[in-house]
Amino acid sequence: MIHMNELKKLRGMLFTLGNVKVNSNTKYSFPNPTPDPITNRRSQELYDALYQHLNLTAWACGRYGQHAYSPELGQVFAKELSKKLENEPGLEFDYSIQMAGHPIFHHKKPYFIIVDYIPYFDLSIMDHIAFPCIKKSYERDQDFLYKEATGIITYTPVQRYMLINWLDVDPTKVTSICSGVNDFIGEEDKKKNTKKVLWVGADFERKGGSDVLKAFEILRKKDPEYTLTMVGINKFFDSIPGVTVYPFLSDQDLSILDKLYSEAAIFVMPSYKENLGLVYLEAMAHKTPVVVTTRGGLAEVVRRTGTGEVVPPGQIQMIVEAIEKVLDPLNYEAYSERAYYFASHNATWEIASKHMVDAIERWLNNKPVPDDYIDYTMNRRVQFYDGLVEKGLR
């Protein structure tokens, strides 16, 4: 039996999406030829969190197939990686943890995959069916990597369900563990309903930027106090009153984003496809309720926790109504408290990494792993706010 303290002694290899600054006792690095500051930051956060609990030797791999998967390029990366591993003197590891976007790297030792998995098909079915049962009728080179993994960690129950059905993976090898994020505000910090709407994303159309802009124009005509801040794009809308745009933020400018999360009353991103959307969790960590898309992302989590509202992309009036519902003075404090409570009980890196290590330990010992580690319950304080709303006292 491998217990937690023994797991710390095992030598693990972590394959990440971006370059990471590894700890001093780590010798190996695999450079990312096309570095992405945000991807690098996400990889660094995961590595730093797992390093607290595991004996890791870190490698950093490029995200070669984020938007258009290339099996040929994947094989090139895999060969380069295998050659590098063979030529590293004294390199030994007992298991590996691989993130989505890695080369097709497969070995006989136990390996685990952490992935925000949503398959590439028409996700409009999710506007009406939260858990559509769709199976793939073809094979791709990387499919066997999932099927032969010792265990797979997805970030949401929808992703787990999709992975099991789409790739026909053994359900006992897949669990849901909420991703961690950094920079939580204090629990006692007061959140103000400022009518400031925030949208963050680099892919303007896919992440519903145009839809949010249209919804905002309707809201602004009703109430000129509404403002909209859009982050991560090079588009400017000087002709639309109340809109402020911040271009793509570098790793050094992330304090600006934290400030915007804190100042925003609501975060809105009704994407046409969203594997997870870590920005939703980052908003919740600042007590900011969210409007999320039906098509992946945190839809099922938000439905079950009341941390915001769920809307299909392209439905402008529904987006408007969702924003108005959340920002209603009778509702707002309850939404804000639920958002923060969920994030603080699921999306801290301390909680996320401990859940991941527990799952890995269980899989290595052939012990049952929970289907879902996510805590959907709300505490008495949040229930108190909800009770007041139901009674019409808030």
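Please count how many residues of segment 160-171 are open to solvent by less than 30 Å² (accessible area, probe 1.4 Å) and not aromatic (Phe, Trp, Tyr). Before you say what the answer is, go through the steps one by one.
Going residue by residue through segment 160-171, those that are open to solvent by less than 30 Å² (accessible area, probe 1.4 Å) are 162-167, 169.
Filter once more, keeping what is not aromatic (Phe, Trp, Tyr): 162-165, 167, 169.
Count: 6.
Suppose the filter is within 21 Å of Lys325 (Cα to Cα), among the acidic types (Asp, Glu) and open to solvent by 30 Å² or more (accessible area, probe 1.4 Å); does Glu205 pass it? Full working, then the answer.
Details: within 21 Å of Lys325 (Cα to Cα): no; among the acidic types (Asp, Glu): yes; open to solvent by 30 Å² or more (accessible area, probe 1.4 Å): yes.
In short, no.
Residues of segment 160-179 being in contact with a strand residue (DSSP E or B) (Cβ under 6 Å, 6 or more places away or on another chain) and assigned to a loop (DSSP other than H, G, I, E, B), which ones?
Ile177
Mind listing just one residue for me: the one in segment 335-369 that is open to solvent by 50 Å² or more (accessible area, probe 1.4 Å) and more than 20 Å from Lys8 (Cβ to Cβ) and, of those, farthest from the chain's Cα centre (by Cα)?
Taking the candidates together, the pick is Pro368.
Looking at Pro224, Pro157, can you tell me which residue is more than 21 Å from Asp258 (Cβ to Cβ), touching a strand residue (DSSP E or B) at 6+ places or on another chain (Cβ under 6 Å) and open to solvent by 10 Å² or more (accessible area, probe 1.4 Å)?
Values: Pro224 fails: touching a strand residue (DSSP E or B) at 6+ places or on another chain (Cβ under 6 Å).
Of the residues listed, the single one that is more than 21 Å from Asp258 (Cβ to Cβ), touching a strand residue (DSSP E or B) at 6+ places or on another chain (Cβ under 6 Å) and open to solvent by 10 Å² or more (accessible area, probe 1.4 Å) is Pro157.
Which condition does Lys190 not pass, out of (1) closer than 18 Å to Tyr261 by Cα; (2) free of Cβ contacts under 8 Å to residues at least 12 places away in the same chain; (3) open to solvent by less than 60 Å² (accessible area, probe 1.4 Å), if it passes all the others?
Tallying (1) closer than 18 Å to Tyr261 by Cα; (2) free of Cβ contacts under 8 Å to residues at least 12 places away in the same chain; (3) open to solvent by less than 60 Å² (accessible area, probe 1.4 Å), Lys190 fails exactly one: (3).
How many of the residues in segment 118-130 are of a type outside the set (A, V, I, L, M) and modelled with pLDDT under 90?
Here is the first cut: in segment 118-130, the residues of a type outside the set (A, V, I, L, M) are 119-122, 124, 127-128.
From the residues that got through so far, the ones that are modelled with pLDDT under 90 too are 119-122.
So the answer is 4.
Any idea how many residues of segment 321-334 are within 14 Å of Lys222 (Cα to Cα), in contact (Cβ under 8 Å) with a residue 24 or more places away in the chain and either of a type in the set (D, E, K, R) or surrounded by fewer than 20 Cβ atoms within 10 Å (Cβ to Cβ) (or both)?
Here the count works out to 1.
Restricting to segment 348-368, give me the number of residues that are outside any helix (DSSP H, G or I) and farther than 14 Å from Glu187 by Cβ.
Going residue by residue through segment 348-368, those that are outside any helix (DSSP H, G or I) are 348, 365-368.
With the extra rule that they be farther than 14 Å from Glu187 by Cβ, the set shrinks to 365-368.
Matching residues across segment 348-368 total 4.
Kindly indicate the residue of segment 183-203 that is in contact with a strand residue (DSSP E or B) (Cβ under 8 Å, 6 or more places away or on another chain) and among the hydrophobic types (A, V, I, L, M, F, W, C) and also farthest from Ala264 (Cα to Cα) among those meeting that condition.
Selected residue: Phe184.
Anything in segment 117-135 that is open to solvent by 40 Å² or more (accessible area, probe 1.4 Å) and in a loop (DSSP other than H, G, I, E, B)? List them, or say none.
Tyr120, Phe121, Asp122, His128, Ile129, Phe131, Cys133, Ile134, Lys135
Is it the case, given these coordinates, that Gln383 is assigned to a helix (DSSP H, G or I), surrounded by fewer than 16 Cβ atoms within 10 Å (Cβ to Cβ) and at pLDDT 95 or above? Steps first, please.
Details: assigned to a helix (DSSP H, G or I): yes; surrounded by fewer than 16 Cβ atoms within 10 Å (Cβ to Cβ): yes; at pLDDT 95 or above: no.
Taking the combined requirement at face value, the residue does not satisfy it.
Quick one: how many residues across segment 167-188 are in contact with a Ser or Thr (Cβ under 8 Å, 6 or more places away or on another chain) and of a type in the set (D, E, K, R)?
Qualifying residue count for the region: 2.
Please give the strands (runs of 3 or more DSSP E) falling wholly within segment 240-308 in which 1 or more residues are modelled with pLDDT under 95 and open to solvent by less than 30 Å² (accessible area, probe 1.4 Å).
On the way: elements: 243-246, 266-269, 290-293.
Those strands (runs of 3 or more DSSP E) span 243-246.
Take segment 96-116 and flag every residue that is modelled with pLDDT under 80 and either part of a strand (DSSP E or B) or among the aliphatic types (A, V, I, L, M) (or both). Quick ask: steps written out before the conclusion?
First, pick out the residues of segment 96-116 that are modelled with pLDDT under 80: 100-108.
Of everything in segment 96-116, those that are modelled with pLDDT under 80 and either part of a strand (DSSP E or B) or among the aliphatic types (A, V, I, L, M) (or both) turn out to be Ala100, Ile104.
The values are calculated or read from the model by the stated rules, or taken from the named source; none is laboratory data. None of these values were measured; they are calculated from a predicted model. Every residue, glycine as well, gets a Cβ built from its backbone with ideal geometry; the counts of neighbours run over all protein chains shown. These accessible areas exclude ligands, DNA and RNA; they are computed on the full protein's heavy atoms, side chains included. Shrake-Rupley method; radii C 1.70, N 1.55, O 1.52, S 1.80 Å.
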